[in-house]
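Note sheet for the following structure.
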Amino acid sequence: MAADHLSESLSQSAEIHLFEKRKGLGRKLLIAGSSGLNVSNDFPIVEWPKFFEGSWNWSKLFSDFGTDAWLSQIHGLGFETFLGTSGRFFLKEMKASLFLKAWTSRLEKAGVTIHTDHDFQAFQKQDSKTRLDFKNGTHFVSDQTVFALGGGSWNDEEALIWPKAFQDHGIAFHDFTPANAGYEIDWPKAFLDEADRKPLKNIQLTTALGTKAGEILITSYGIEGTPVYFYGTPGLATLDLKPGLSEREVMAKLNQGKENFSLIRRAQKFLNLGDAAQALVFHLGFADPKRAPKTPEALATLIKKFPLTLKGPRPLSESISSRGGISLSELNPDFELIKFPGIFLAGEMLDWSAPTGGFLIQASAAQGYSCAQAMISRI
Ligand SMILES: Cc1cc2nc3c(=O)[nH]c(=O)nc-3n(C[C@H](O)[C@H](O)[C@H](O)COP(=O)(O)OP(=O)(O)OC[C@H]3O[C@@H](n4cnc5c(N)ncnc54)[C@H](O)[C@@H]3O)c2cc1C
């Protein structure tokens with residue numbers, strides 16, 4: 001994004017070089033877009049800051065480069081977007097690889113020189129310039145530099161070498177921990193045999209951090225899905241399996257057909273629970289005869305507040321994003337290192353976090369844009 005905005009604004013008046021350690025650009029964009037790329041969210045831009053962790057002037061960032069600017073950037077590359085029922089914007093084109101290809105090709109046409117297989121290792125200030133050293137033994141001297149090295153998720157061990165390059169200069173870095181991660185739960189085998197990879201649709205999850213409605217996927221290790229990514233935290237959580245009905249309404253339904261059906265059968269018959277929810281009630285709620293609900297009241301309470309113990313998040317290597325990174329306190333409002341003027345940082349390598357839903361990609365793009373704006377103003 002930074003290279004794009006620079007090349008668009010400076011035309012041929014500056015040399016722009018883009019370095020990437022892999023053989024191709026944008027691996028995480030491809031991973032994120034493997035089943036449709038969610039690029040933004042239709043929450044009014046004034047509400048966006050409430051979704052962001054990290055002390056920053058988020059309102060300014062998104063008023064400088066908000067949803068409209070980001071979507072028109074995408075449209076300008078020849079790709080259409082649509083607003084899903086979840087309030088998220090997606091690329092219409094299912095293959096994120098085509099989007100990436102179009103963006104890369106635009107950069108090349110605009111004169112940006114792309115250097116793949118360039119694994120950045122260290123930097124040194126040389127007066128006002130910066131020398132960048134790469135693992136392949138080459139180096140490059142730049143007038144101004146943007147680092148956008150990404151966060152801690154979905155990376156191999158080697159990717160974490162870059163924090164040292166900054167720590168060596170006394171720049172504060174907080175270790176990466178998982179964010180937007182699935183949570184582990186010890187499921188009984190009988191439950192998994194029935195419910196593995198099945199969704200719990202239209203439920204509401206409550207943890208010590210808050211309550212979020214949505215869909216949860218049952219996995220062999222626990223649960224995944226937006227409500228978990230928003231409010232997952234170790235400890236007791238509860239699921240409301242029928243958020244559209246009050247406890248009293250659930251109970252009224254369970255009071256039907258008493259003469260012909262058992263309590264569990266009435267739950268199946270009159271509550272229209274999905275497969276995974278039924279399996280949950282049957283295999284966990286009724287597993288221990290001593291603790292199984294005996295009355296419609298008790299079962300209604302269980303269905304409205306189904307207890308689950310969340311053990312801990314899945315590892316960084318599987319989480320969608322990360323907390324941690326270079327401390328925001330190291331930057332001035334232009335995303336420039338206070339200790340090293342002329343060096344700008346953007347994206348998930350910085351210590352901020354946001355839920356999934358398009359916030360992550362858009363915030364990273366907005367930061368790239370801001371860095372470029374600041375660089376242009378210094379030329
Ligand atoms: C499974 C998954 C699903 C996601 N879904 C969504 C979603 O639905 N919506 C959303 O908004 N976001 C989503 N994201 C997050 C989104 O992909 C990131 O927010 C975004 O890619 C961050 O951009 P970035 O430029 O900061 O980092 P990255 O995209 O990670 O880019 C960093 C680049 O720097 C390169 N690099 C790293 N170290 C070096 C080095 N030493 N030298 C040279 N190059 C280096 C990397 O190879 C990489 O190409 C998802 C992520 C994952 C993993």
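The values are calculated or read from the model by the stated rules, or taken from the named source; none is laboratory data. Quantities reported herein were computed from a predicted structural model and do not represent experimental measurements. As a convention, Cβ positions derive from the backbone with ideal geometry for all residues, glycine included, and neighbour counts pool all protein chains shown.
Here is a list: Phe123, Phe140, Phe89. Which entry is within 23 Å of Phe359 (Cα to Cα), modelled with pLDDT of 95 or more, outside any helix (DSSP H, G or I) and of a type in the set (Phe, Trp, Tyr)? Working first, answer last.
Details: Phe123 fails: within 23 Å of Phe359 (Cα to Cα); Phe140 fails: within 23 Å of Phe359 (Cα to Cα).
Checking each option against the conditions leaves just Phe89.
Do we have any residue at all in the stretch 312-326 that's among the basic types (Lys, Arg) and exposed (fewer than 15 other Cβ atoms within 10 Å of the Cβ)? Let's see the steps before the verdict.
Quick first cut of the stretch 312-326, residues among the basic types (Lys, Arg) only: 314, 323.
Of the ones still in play, those that are also exposed (fewer than 15 other Cβ atoms within 10 Å of the Cβ) are none.
No - not one qualifying residue is present in the stretch 312-326.
Can you pull out every residue in the stretch 140-188 that is more than 10 Å from the ligand (Cβ to nearest atom) and among the hydroxyl-bearing types (Ser, Thr, Tyr)?
Of everything in the stretch 140-188, those that are more than 10 Å from the ligand (Cβ to nearest atom) and among the hydroxyl-bearing types (Ser, Thr, Tyr) turn out to be Ser142, Thr145, Thr177, Tyr183.
Among the residues that make up the stretch 44-55, is at least one of them under 24 Å from Asp351 (Cβ atoms), within 9 Å of the ligand (Cβ to nearest atom) and surrounded by 15 or more Cβ atoms within 10 Å (Cβ to Cβ)?
Within the stretch 44-55, none of the residues are under 24 Å from Asp351 (Cβ atoms), within 9 Å of the ligand (Cβ to nearest atom) and surrounded by 15 or more Cβ atoms within 10 Å (Cβ to Cβ).
Report yes if some residue within the stretch 241-248 is touching a strand residue (DSSP E or B) at 6+ places or on another chain (Cβ under 8 Å) and either of a type outside the set (A, V, I, L, M, F, W, C) or surrounded by fewer than 18 Cβ atoms within 10 Å (Cβ to Cβ) (or both); otherwise report no. Can you show your working first?
Step one: list which residues in the stretch 241-248 are touching a strand residue (DSSP E or B) at 6+ places or on another chain (Cβ under 8 Å), which gives 241, 243-244.
Of the ones still in play, those that are also either of a type outside the set (A, V, I, L, M, F, W, C) or surrounded by fewer than 18 Cβ atoms within 10 Å (Cβ to Cβ) (or both) are 243-244.
There is at least one residue in the stretch 241-248 that is touching a strand residue (DSSP E or B) at 6+ places or on another chain (Cβ under 8 Å) and either of a type outside the set (A, V, I, L, M, F, W, C) or surrounded by fewer than 18 Cβ atoms within 10 Å (Cβ to Cβ) (or both).
Name the residue that is nearest to the ligand (Cβ to nearest atom), counting only residues in the stretch 332-348 that are surrounded by 19 or more Cβ atoms within 10 Å (Cβ to Cβ) and more than 20 Å from Val39 (Cβ to Cβ).
In the first step, residues of the stretch 332-348 are kept if they are surrounded by 19 or more Cβ atoms within 10 Å (Cβ to Cβ); the result is 335-337, 343-348.
Filter once more, keeping what is more than 20 Å from Val39 (Cβ to Cβ): 335-337, 343-345.
On the way: Phe335: 12, Glu336: 17, Leu337: 16, Ile343: 14, Phe344: 13, Leu345: 10 Å.
Applying the filter and picking the extreme gives Leu345.
Just give me the residues in the stretch 1-15 being within 12 Å of the ligand (Cβ to nearest atom) and either of a type in the set (Gly, Ala, Ser) or in contact with a Pro (Cβ under 7 Å, 6 or more places away or on another chain) (or both), in sequence order. Before you say what the answer is, go through the steps one by one.
At the first step, the residues of the stretch 1-15 found to be within 12 Å of the ligand (Cβ to nearest atom) are 1-3.
Once the filter is applied, which keeps residues that are within 12 Å of the ligand (Cβ to nearest atom) and either of a type in the set (Gly, Ala, Ser) or in contact with a Pro (Cβ under 7 Å, 6 or more places away or on another chain) (or both), the stretch 1-15 yields Ala2, Ala3.
Tally up the residues in the stretch 186-222 that are over 25 Å from Leu360 (Cβ atoms) and of a type in the set (A, V, I, L, M), please.
Looking only at that region, the number is 3.
Taking the condition of a type in the set (S, T, N, Q), closer than 23 Å to Lys50 by Cβ and touching a residue at least 24 places away in the same chain (Cβ under 8 Å), does Thr233 pass? Show your work before the answer.
On the way: of a type in the set (S, T, N, Q): yes; closer than 23 Å to Lys50 by Cβ: yes; touching a residue at least 24 places away in the same chain (Cβ under 8 Å): yes.
Yes; evaluated as a whole, the condition is true for this residue.
Hey, can you tell me all the residues within the stretch 253-309 that are more than 27 Å from Ile223 (Cα to Cα) and acidic (Asp, Glu)?
Glu259, Glu297
Scan the stretch 16-34 for residues that are in contact (Cβ under 8 Å) with a residue 24 or more places away in the chain, near the ligand (Cβ under 6 Å from one of its atoms) and part of a helix (DSSP H, G or I) and jot them down.
Scanning the stretch 16-34 gives Lys28, Leu29, Ile31, Ala32.
Name the single residue, out of those in the stretch 115-129 being within 14 Å of the ligand (Cβ to nearest atom) and out of contact with any His (no Cβ under 7 Å at 6 or more places or on another chain), that is nearest to Leu25 (Cα to Cα).
Let us first name the residues in the stretch 115-129 that are within 14 Å of the ligand (Cβ to nearest atom), namely 115-123.
Retained after the next criterion (residues that are out of contact with any His (no Cβ under 7 Å at 6 or more places or on another chain)): 116-123.
Values: Thr116: 7, Asp117: 10, His118: 11, Asp119: 12, Phe120: 14, Gln121: 18, Ala122: 20, Phe123: 21 Å.
Once the filter is applied, the top-ranked residue is Thr116.
Only residues that are out of contact with any Lys or Arg (no Cβ under 6 Å at 6 or more places or on another chain) and either of a type in the set (D, E, K, R) or within 8 Å of the ligand (Cβ to nearest atom) (or both): list them for the stretch 355-364, please.
Thr356, Phe359, Leu360, Ile361, Gln362, Ala363, Ser364
Go through the stretch 200-228 residue by residue and tally those that are assigned to a loop (DSSP other than H, G, I, E, B) and of a type in the set (Val, Ile, Thr). Reasoning before the result, please.
Within the stretch 200-228, the first condition is being assigned to a loop (DSSP other than H, G, I, E, B), and the residues that meet it are 208-209, 219-221, 225.
From what is left, the residues that are of a type in the set (Val, Ile, Thr) are 219.
Residues meeting the conditions: 1.
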